[in-house]
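Worksheet for the structure shown next.
The values are calculated or read from the model by the stated rules, or taken from the named source; none is laboratory data. Model, not experiment: these values are computed from the prediction. Here the Cβ positions follow ideal geometry from the backbone for every residue, glycine too, while neighbour counts run over all protein chains shown.
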């Protein structure tokens, strides 16, 4: 009886040693299928999220520019540092103008870069052509997009009343 019991225990140990090769391969295949599904569904979402984040950042900077104009009577120019005038007080020739600055107009530490590492572009519109615009902003605020090249289809621009100002929505 004791021999029979020890024989059964030895047989159970041999059969319960571990996983078979087929079981391990099956688990690996399932993990690879889950990883492939994750890549297929997540990567396109990330590209869309980067563009949406850039649009939101441009709107935030546009609001800060409008607040700056309300306080000082004009949008920041190159002599005042452009978009940097929203973060730190520029040096003004007129001391009274300097007293009107109530910034920072963006959270301290805000980076004025898009998700692709390119600087946000800001250009004041030329006064001569400003009268030709109907409903347009007196400045251009945009990101050059993922390719880093200006004036291409993937540029992301601040929305205004003008048609085709947001660029393609791919």
- Note on the structure: Residue hits (region 71-89; assigned to a loop (DSSP other than H, G, I, E, B) and farther than 18 Å from residue 109 by Cβ) are 73, 74, 75, 76, 77
- Item | Flag for residue 20 being at pLDDT 80 or above and in contact with a strand residue (DSSP E or B) (Cβ under 6 Å, 6 or more places away or on another chain) | no
- Query: In region 69-116, which residues are touching a residue at least 24 places away in the same chain (Cβ under 8 Å), within 22 Å of the chain's Cα centre (by Cα) and at positive phi?
  - Reply: 82
- Residue hits (region 133-170; under 22 Å from residue 44 (Cα atoms), touching a helix residue (DSSP H, G or I) at 6+ places or on another chain (Cβ under 6 Å) and at pLDDT below 85) are none
